[in-house]
Every structure is written in structure tokens, then in C-alpha cells.
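Reviewing the structure listed below.
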Amino acid sequence: MKGAKDMTRGNPFVLLSGFAFSLLIGNVFQQLYTFVDTMIVGKYLGVTALAALGATEWLVFVMFGCVHFVLL
């Protein structure tokens with residue numbers, strides 16, 4: 001795999017910090033997306049659509065998490 005980083009060599013703190021930072025940034029953007037999506041749906045589509053969004057938002061969370069893990 002081109003561009004893969006060998007995490008078995010080097011300073012463990014630096015390697016883990018870089019890995020954790022990328023996950024943190026990904027989660028911040030995902031939460032921002034969820035927040036804005038909830039605001040828009042709640043304001044324009046109503047309570048039923050907001051309940052449906054809440055029931056299915058975990059699927060988007062899992063999907064983004066899997067994509068982030070594969071791309072990392």
C-alpha cells in the first residue's frame with residue numbers, strides 16, 4: 001500500500017498522537033455535520049422527520065467511522 005505508515009517504528013507517543021488527532025478531527029467534523037443536519041431538519045421538516053433522523057443517525061456515524069478507518 002503506497003503511503004502507508006509503519007507504526008511499529010519510531011516514538012510511540014508521536015505515532016499514537018498523530019493517529020488520535022486524525023480521529024479527533026474526523027469526529028469533530030462528523031458532529032458538526034450531525035448538528036447542522038438536526039437544525040435544518042428540525043426547523044423545516046418537523047418533529048416526525050427529526051425523530052426519523054435520530055433513529056437513523058447512528059448508521060451515518062458507523063458509515064463515516066468505517067470510511068475514515070479504511071482511508072486512514
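Pairs only if they're at least six apart or on different chains, beta carbon under 7 angstrom, first in segment 2-31 and under 24 Å from residue 62 (Cβ atoms) and modelled with pLDDT under 85, second part of a helix (DSSP H, G or I) and not hydrophobic (A, V, I, L, M, F, W, C); list them, first residue then second.
Every condition considered, the pairs that remain are 26/68.
On the given criteria, is residue 35 in contact with a helix residue (DSSP H, G or I) (Cβ under 8 Å, 6 or more places away or on another chain) and aromatic (Phe, Trp, Tyr)?
no
The values are calculated or read from the model by the stated rules, or taken from the named source; none is laboratory data. All values derive from a computational prediction rather than experimental measurement. We place every Cβ from the backbone using ideal geometry, glycine too, and count neighbours over all the protein chains shown.
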